[in-house]
Amino acid sequence: MRCHTVSTKKVFFLLLALLSVAWRLPLFAQKVYQDELIRFAVWAQRDVYPGYFEGDASEETQNKNTAAAEKRNRTGNEFTVPVDRIKEMVPPLLTGMIYGWKFDYTPSDKTRGVSEYFELTPVQELSEQERRAIRYVKPWVEGDRLCCWVEYDRTPIQKRLFESWQVITNPRIRGIGYARLSEGFAGIQSACEEALKNAVREYERKIIKNKPKEILGSVIIAKPPLIGIDSGKYMVTLDFFMETDRIITYQTF
């Protein structure tokens, strides 16, 4: 997925932020992360689709605002929409923290006419039972935001899985990805993918002398993501434990 420059006047969908307000508005607390308990704070704006900036909003944004307003009117609860948004975005991130992701990366090679390719897939999706085990606790209102803590207790098997990733043979890598704010939740997913791609690319560049044809491997998120806003874009910083499954090299130049 590619990221494009976006004016801050066209911020259509700002989903989450950390409790402490800073220039880059980080969205996830990291210090509370534990091997047995995954715990981080999230918030969603009560008006999930912020709407108009100097009268400039797309038709899609206007439609989303109308749909959100209609849902609030039907339920009589101003928190219905932000609650839905929080519950929409948390499970995919927990999947990366609990089971991890597989990746398939082909670096670009202009000499050979090869375009860059990156695919990311969950190792295992959360089951319905695991989704029901997610706790959204201690909600509070802060300005125009509905805030809460997300908690999930790893099962003994999940705990052992995470511990197995922390062995010295699995390097820890970090990457940063960006996405347009107008992409909303899909933008967060896109930025996560770019963060992982950049982390893999930078790490492999250090250990592989010649550019490979393809790299296949797996990662698990080492701690909750740091997601913020930078120059009108989502900015996602991710830490991973990585396992390289296979490096395919070119047979001839």
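The values are calculated or read from the model by the stated rules, or taken from the named source; none is laboratory data. Fair warning: this is a prediction, and the values are worked out from it, not measured in the lab. Cβ: placed from backbone, ideal geometry, glycine included. Neighbour counts: every protein chain shown. Side chains are part of the model used for accessible areas, which takes the heavy atoms of the whole protein and leaves out ligands, DNA and RNA. Shrake-Rupley method; radii C 1.70, N 1.55, O 1.52, S 1.80 Å.
Computed quantities for the displayed model
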{"read-out": "Residue match in the range 144-155 (condition: surrounded by 17 or more Cβ atoms within 10 Å (Cβ to Cβ) and among the basic types (Lys, Arg))", "value": "yes"}
{"read-out": "Residue list for the range 111-123, restricted to those being in contact (Cβ under 8 Å) with a residue 60 or more places away in the chain, surrounded by fewer than 15 Cβ atoms within 10 Å (Cβ to Cβ) and either among the aromatic types (Phe, Trp, Tyr) or in a strand (DSSP E or B) (or both)", "value": "none"}
{"read-out": "Number of the condition not met by residue 79 [criteria: (1) of a type outside the set (S, T, N, Q); (2) at pLDDT below 90; (3) over 25 Å from the mean Cα position of the chain (by Cα)]", "value": "(3)"}
{"read-out": "Residues (closer than 28 Å to residue 212 by Cα, of a type in the set (Asp, Glu) and modelled with pLDDT under 95) located in the range 84-118", "value": "109, 116"}
{"read-out": "Candidate set from the range 87-110 (those that are β-branched (Val, Ile, Thr) and touching a residue at least 60 places away in the same chain (Cβ under 8 Å)); member that is most open to solvent (accessible area, probe 1.4 Å)", "value": "106"}
{"read-out": "Inter-residue pairs, beta-carbon under 9 Å, first within 30 Å of residue 159 (Cα to Cα) and in the range 210-223, second polar (S, T, N, Q) and part of a strand (DSSP E or B), 6+ apart", "value": "215/106; 215/244; 216/244; 217/244; 218/244"}
{"read-out": "Residue list for the range 204-247, restricted to those being assigned to a helix (DSSP H, G or I) and closer than 16 Å to residue 104 by Cβ", "value": "204"}
{"read-out": "Single residue of the range 224-236 satisfying the filter (surrounded by 20 or more Cβ atoms within 10 Å (Cβ to Cβ) and in contact with a helix residue (DSSP H, G or I) (Cβ under 8 Å, 6 or more places away or on another chain)) that is modelled with the lowest pLDDT", "value": "227"}
{"read-out": "Candidate set: the range 209-221, residues that are farther than 17 Å from residue 170 by Cβ and in contact with a strand residue (DSSP E or B) (Cβ under 7 Å, 6 or more places away or on another chain); chosen: the one modelled with the lowest pLDDT", "value": "211"}
{"read-out": "Hits in the range 97-110 (condition: assigned to a loop (DSSP other than H, G, I, E, B) and closer than 15 Å to residue 173 by Cα)", "value": "100"}
